[in-house]
Structure formats: C-alpha cells, structure tokens
Amino acid sequence: MIIIMKPEATVAQIDSLCDKLIGQGMQIQRNAGVDCTVLGVLGDVARLDPHNYLIQPGVERVMPVSEPFKKANRKFHPKDTVVDVSGVKIGTRRLSLIAGPCSVENYDQITDTAFKVRSSGASILRGGAFKPRTSPYSFQGLKLEGLDLLEQAHEVTGMPICTEIMSPKMVEEYDRRVDLIQVGARNMQNFDLLTELGQTRRPILLKRGMSATVYDWLLSAEYIMAAGNPNVILCERGIRTFETYTRNTLDLSAVQAVKQLSHLPVLVDPSHATGLSWMVERMSLAAIAAGADGLIIEVHNDPPHALCDGAQSLTPPQFAQLVGKITALAPIVERTI
C-alpha cells in the first residue's frame, strides 16, 4: 500500500501516521519528493482498511500495490535511484561504461586491458575471477588468484572493479575487496546468495536469468533490498529463446519495462547477449537508445587467444571506436558520457 501525503502535510502529521502504522506491525519506506512525501507500507497490508488512512490529517490518497515487489517498485520510490560504486554514480544522465575481459588470465592481460579501456572512457573494470561454466571441463577462472590480480589492476589504474560472485560463503570476502559485486544469470534466483548480499552495503549488479521474466528479475532484486541493501543495479544480458544464431536474444523491451516498473538503474550486456563481437557495437547503440543507463562490455587485449569468450570480446581499438559513437548518440537521448 502507498500513502501519498498532501504537499502541505506537516512533519508532525507524517510522523504520527508512521507511528500508527508501525504500531500495527508495518514497515514504512519514507520517500520525500519535490511536492509531497510518499509512504510505502510493507507488511500484512491486507488486514488494513485503506479508508481508515484516507481520513487521517495530511493524507491526499491511498493506493494499493498489486505487484509482488515493493521496495524495487517505482510507486514506492518515484525518483530514479542513483547507485554509487566507489565514486562512479550509476543511474544519472551520465552513461556508465563497464569494460574488461570475460576472465582474468594474468597480470599483464588485466592491467593492459584496464589501462586501455580507461583511456577510452570506461569508468569500472570488469573481469571474472570465478567463472560459472556449463561444462565442468571448461576454464573455471583463476579464483582467488584472479581476485588478487583484479585488486592489483585497481591499484595501478584507480578503477573500481566488478566481478561475479558464486557462493554465499564468499560474500564477506567480496564485501571487503570488490567495488561492484555481480550476480550472474545462473544465480539470479539463488535466494540464499541474494539474502546474504542484502546484509552488505556493497552495490550489486544483478543480471537477468536466461529464462526469467521481468517480474522474476525484479523479485530477485527485492530479495536483496528486503534484506537491507538498496544498492541494486539491474543488467539485461539476453534471454534464452528458440533462436540459435546468437548466444541469447537481447530483450531491449525489458529496459523500458523495468524503467516503467522500477526506480533501479539498468545496464545492458551486449557481449553475452549476442556472443558475437561484430554485433556488439550496434546492440550497444540500440541499448542506449532504449534507455539503458550504461553498458557492460567484454574487451580483451588479444581475443583470439582468450581463455574464455574471445568470440564476443572487442579489442581495445574497437571499444574506443564504440565509445566515440556512443558519445555522438548520447545528446540525442538526453545523456552525456
């Protein structure tokens, strides 16, 4: 349930109403807007009679919320959320670019790529230390050694790092060492992991599951937020359809749907969506035109010899060319870079 206060409602009236609701076992999400205060009421709201609150001093209207996600709901939080990743703000008019290799391989590879993507305009370095793979015989990442190498790349470039987490057991480690913790598509509904991540304050990049609906995706975000962490960034990375030409099917309509339903920032991953490096540029531009707040792109300094996903990785010069085109497009969609 949402209670919208009148613009002239006093602090005393708002506080009194909040106290009354809390006394009935509800949780209150209080959002002060430009013109009014919006109270999001969480809990067993079915037993509340909305008319009892409509007559309270200072109340303008009471609205039921039919969607099962509450904290992620734009009705509860009308203003766009901006998530701060170690100084990089995601969700503003300024587009955010996250770039780097699919997998961390060695010091020279990760630092060389980091310097090159930073010089082209990337603000956050991505790289996989732990890699979930379909086959148990595929390269699984360097694990903790890869995390060490990411930290070293951070030290020499100053770039915040983004890497994927696989297990709830690693949450404490990642909370200490990683700026943006990525939850991959396979773990989008690992509710134990999501709940543990809700205990941290680290920003979480939540990728959409390969068979997940938009509602499924937002409910996974709700798990993190309900556990106490509001710093969630959503990432569309393609869904599995009957099409086999591309790795996945990039669902750009989901960007608009989420923007309508939620206040959370949304990024797009065109690399995993298509699996084909020659498609990444146009899909990136389409994502920006569709309203994405930024991109996460795989860039490798030597794609033919990459240990993982070289076919979908841009080279640093290709990434620089893409950033130039995004820079030209940004003003048309009222963005900057």
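Can you confirm whether the stretch 207-214 contains a residue that is closer than 22 Å to Cys102 by Cβ and in contact with a Cys (Cβ under 9 Å, 6 or more places away or on another chain)?
Checked the stretch 207-214: at least one residue is closer than 22 Å to Cys102 by Cβ and in contact with a Cys (Cβ under 9 Å, 6 or more places away or on another chain).
Restricting the stretch 200-231 to residues that are hydroxyl-bearing (Ser, Thr, Tyr) and free of Cβ contacts under 8 Å to residues at least 60 places away in the same chain, which is surrounded by the most Cβ atoms within 10 Å (Cβ to Cβ)?
Filtering first and then ranking leaves Ser220.
May I ask you to list the residues in the stretch 41-66 that are without any contact (Cβ under 8 Å) to a residue 12 or more places away in the chain and not in a helix (DSSP H, G or I)?
Asp49, Ile55, Ser66
Just give me the residues in the stretch 71-101 being of a type in the set (D, E, K, R) and farther than 16 Å from Ala287 by Cα, in sequence order.
Residues satisfying the conditions are Lys71, Arg74, Lys75, Lys79, Asp80, Asp84, Lys89.
Across the stretch 83-110, which residue is nearest to Leu150 (Cα to Cα) among those that are crowded, with 19+ Cβ neighbours inside 10 Å and among the hydroxyl-bearing types (Ser, Thr, Tyr)?
The extreme case among them is Ser103.
Considering only residues of the stretch 280-337 that are of a type outside the set (Gly, Ala, Ser) and at positive phi, which is surrounded by the most Cβ atoms within 10 Å (Cβ to Cβ)?
The residue in question is Asp309.
Of all residues in the stretch 148-163 being touching a Lys or Arg at 6+ places or on another chain (Cβ under 9 Å) and either surrounded by 23 or more Cβ atoms within 10 Å (Cβ to Cβ) or among the hydroxyl-bearing types (Ser, Thr, Tyr) (or both), which is nearest to Asn106 (Cα to Cα)?
Leu150
Just one of (1) assigned to a helix (DSSP H, G or I); (2) closer than 30 Å to Ser220 by Cα trips up Ala12, so point out which.
The one condition Ala12 does not meet is (2).
What helices (runs of 4 or more DSSP H) completely inside the stretch 227-337 contain at least 3 residues that are over 20 Å from the mean Cα position of the chain (by Cα)?
It comes to 277-289, 316-329.
Let's see how each residue does on (1) charged (D, E, K, R); (2) at negative phi; (3) surrounded by fewer than 21 Cβ atoms within 10 Å (Cβ to Cβ):
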position	(1), (2), (3)
Arg133	yes, yes, yes
Tyr137	no, yes, yes
Leu144	no, yes, yes
Arg177	yes, yes, yes
Asn187	no, yes, no
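Among the residues of the stretch 233-263, which ones are in contact (Cβ under 8 Å) with a residue 60 or more places away in the chain and out of contact with any Pro (no Cβ under 9 Å at 6 or more places or on another chain)?
Within the stretch 233-263, Cys235, Arg247, Gln260, Leu261, Ser262 meet the criteria.
Checking the structure you have, find out if any residue of the stretch 125-134 is among the aliphatic types (A, V, I, L, M), closer than 16 Å to Leu180 by Cβ and modelled with pLDDT of 95 or more.
The answer is yes, given that some residue of the stretch 125-134 is among the aliphatic types (A, V, I, L, M), closer than 16 Å to Leu180 by Cβ and modelled with pLDDT of 95 or more.
Select from the stretch 102-124 the residues that are out of contact with any helix residue (DSSP H, G or I) (no Cβ under 8 Å at 6 or more places or on another chain) and assigned to a loop (DSSP other than H, G, I, E, B) and write down the one among them that is farthest from Leu205 (Cα to Cα).
The qualifying residue farthest from Leu205 (Cα to Cα) is Glu105.
Looking at the stretch 67-90, which of its residues are of a type outside the set (D, E, K, R), at pLDDT 90 or above and in a loop (DSSP other than H, G, I, E, B)?
Ala72, Thr81, Val82, Ser86, Gly87
Leu234 - would you say it is buried (at least 21 other Cβ atoms within 10 Å of the Cβ), farther than 24 Å from Ala286 by Cα and in the same structural domain as Leu150 (by TED's automatic domain parsing)?
No: the conditions fail for Leu234.
The values are calculated or read from the model by the stated rules, or taken from the named source; none is laboratory data. Here the structure is a predicted model, which means the values were calculated and not measured. As a convention, Cβ positions derive from the backbone with ideal geometry for all residues, glycine included, and neighbour counts pool all protein chains shown.
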